[in-house]
1. Tell me which residues, restricted to the range 3-60, are touching a residue at least 12 places away in the same chain (Cβ under 8 Å), within 10 Å of the chain's Cα centre (by Cα), over 14 Å from residue 82 (Cα atoms) and surrounded by fewer than 13 Cβ atoms within 10 Å (Cβ to Cβ).
2. Please specify each residue of the range 1-27 satisfying the condition of being part of a helix (DSSP H, G or I) and within 22 Å of residue 61 (Cβ to Cβ).
3. Scanning for something farther than 18 Å from residue 14 by Cα and in a strand (DSSP E or B), does the range 61-76 turn up at least one residue?
4. Looking only at the range 28-45, decide whether some residue is out of contact with any strand residue (DSSP E or B) (no Cβ under 6 Å at 6 or more places or on another chain), at positive phi and assigned to a loop (DSSP other than H, G, I, E, B).
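Taken together, the values in this text are just the output of simple stated rules run on the coordinates, not laboratory data. Note that this is a predicted model, so its numbers are computed, not measured. All Cβ positions, even for glycine, are placed from backbone atoms using ideal geometry, and neighbour counts span all protein chains on display.
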């Protein structure tokens with residue numbers, strides 16, 4: 001039996017997080033193995049870490065539907081955040097004016113490789 005390399009993917013869409021702030025965290029875990037990435041996400045003090053950890057665990061669970069693999073052999077080969085639609089809101093200002101507020105959303109994609 002040959003040792004084949006397989007890939008699995010997990011996506012989180014329309015998340016109320018800034019894509020710029022999410023990319024800063026994804027840069028830290030890209031290229032790392034699964035156990036190391038989980039430790040990094042647990043100890044970083046940023047809001048998106050919990051959401052990214054959830055998506056990463058979902059991608060790992062997608063692997064284990066096929067077969068039970070050693071989690072130490074799972075590597076993150078791609079992790080990126082694309083921009084989603086901006087939610088547009090208005091803040092009232094002086095003299096009847098309105099100030100626009102743009103609330104960004106993002107789509108997070110994590111791709112894993114295991115052999």
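1. None; the set is empty.
2. Within the range 1-27, 22, 25, 26 meet the criteria.
3. Yes - at least one qualifying residue is present in the range 61-76.
4. For the range 28-45, residues out of contact with any strand residue (DSSP E or B) (no Cβ under 6 Å at 6 or more places or on another chain), at positive phi and assigned to a loop (DSSP other than H, G, I, E, B): present.
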